[in-house]
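Worksheet for the structure shown next.
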Amino acid sequence: MIIDLKDNERIDDLQRNGYQIIQKQNGFCFGMDAVLLSGFANVKPGERAVDLGTGTGIIPILLEAKYDGLHYTGLEIQEEVADMARRSVALNHLEDKLSIVTGDIKEASRLFGAASFDVVTSNPPYMNDAHGLKNPDLPKAIARHEVLCTLDDVTREASRLLKPGGRFYMVHRPHRLIEIITSLKNYGMEPKRMKMVHPFVDREANMVLIEAVRGGKSMIKVEAPVIVYKEQGVYTDEIYTIYGY
């Protein structure tokens, strides 16, 4: 299929199922966090999943490649980015399995209806106003800082979207772990699995992966950490497995 590329766009190979993705050459591109979240999450046969703040659509595209869910949806507030994601869906012939919706995370449960998904995923902005300088480029600032939504907005809407017993998967920063757990519990979701991500074996964690269950009982499993690099520029075997190599 011939897909029109706009100025400053490129097509990247995802190394899975022959899938490709359209990204900005100088814009915000998906990173290791999105790939790790797609490997940590699970969508069972017949389940419906939605990704909040989907950006280029990388997470639902990778989830569709890995799992036999019934349908995948990506919600993105920036129309230009959502359009890029839709063209990636068409590029991969996934129109019957994956939908991209333009809309605000804060309105997600109104857009889709309460208890309408089995799985919710999100790679939300990590930084609030107290954490670092905002990027002057607005799309990058929206992706990295809580410009248009907060952590509470994401967890509240995830809880409302999930069916009872549904699962929420999120990647975030360890320095906000207390906020994350508090917010999840405030909205009726119980953390059930957690995995820290370390860039090197001797470095502190710089990401955390969390699974929470709507209405789940209180018990969490802390899994073995992910180590990203064996040495500078060389991934560990686990990372290659997650990427699908």
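Laboratory data are not the source of any read-out in this text; all were calculated from the coordinates shown. Treat the numbers as computed from the prediction; the structure is a model and nothing was measured. Virtual Cβ from ideal backbone geometry, glycine too; neighbours counted across all protein chains shown.
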Loop by DSSP (not H, G, I, E, B), at most 11 other beta-carbon atoms within 10 Å: where is the longest site-free stretch of the chain for trypsin sites (Lys or Arg not before Pro)? 7-202
If I model a spin label at A114 and N186 as a point 7 Å from the Cα along the Cα→Cβ vector, what separation in nanometres do I get? 1.9
Pairs beyond 32 Å (Cα-Cα), from K6/K163; K6/K230; K24/K217; K97/K163; K24/K221; K6/K44: K6/K163; K6/K230; K24/K217; K24/K221; K6/K44
Go through the stretch 194-227 and name the GluC sites (Glu not before Pro) that are in a DSSP coil and have 11 or fewer other Cβ atoms within 10 Å of their Cβ. E204
Report, largest value first, the span of the C-alpha coordinates of the stretch 8-113 along each principal axis, in whole Å. 36, 29, 25
Largest first, please: the extent of the C-alpha atoms of the stretch 9-243 along each principal axis, to the nearest Å. 46, 43, 39
For labels at E79 and Q25 in the simple 7 Å Cα→Cβ model, what's the distance in nm? 2.6
Loop GluC sites (Glu not before Pro), the stretch 64-126 (other Cβ atoms within 10 Å of the site Cβ: 15 or fewer; DSSP): E95
Please report, in Å, the Rg and the Dmax of the stretch 166-228, where both are computed over Cα atoms only. 11.9, 37
From Cα pairs below 8 angstrom and at least 6 apart in sequence, can you work out the relative contact order of the stretch 1-103, rounded to a whole percent? 26
Net length gained if the chain between I220 and K44 were fully extended (0.36 nm per residue, minus Cα distance): 61.3 nm
Net charge of neighbours whose Cβ lies under 13 Å from the Cβ of D83, counting Lys and Arg as +1 and Asp and Glu as -1: -1
Counting only DSSP beta bridges fully inside the chain, the antiparallel percentage to nearest 5 is 45
Once you've got the GNM for the chain with C-alpha springs shorter than 10 Å, pick whichever of I100, I180, I58 has the biggest mean-square fluctuation. I180
Rounded to 0.05, the calculated FRET efficiency for the beta carbons of T241 and L5 at R₀ = 45 Å is 0.90
Top positive-direction residue, dipole computed over the chain with Cβ charges, set Y240, A41, A90: A41
Whole-Å distance linking the alpha carbon centroid of the stretch 163-195 with that of the stretch 97-114 is 20
Listed residues Y19, Y229, Y72; largest mean-square fluctuation, Gaussian network over the chain with Cα springs below 10 Å, found at Y229
Give me the Kirkwood hydrodynamic radius of the stretch 1-68, using the inverse of the mean 1/r over all pairs of distinct Cα atoms, in Å to one decimal. 13.1
Taking the Cα-to-Cβ direction at A205 and at R193 and moving 7 Å from each Cα, how far apart do the two end points lie in nm? 1.5
Mean separation of Cα contacts under 8 Å (at least 6 apart) over the residue count of the stretch 9-243, i.e. the relative contact order in percent, is 16
Full-extension gain between H175 and E95, please, as 0.36 nm times their residue separation minus the C-alpha to C-alpha distance. 25.0 nm
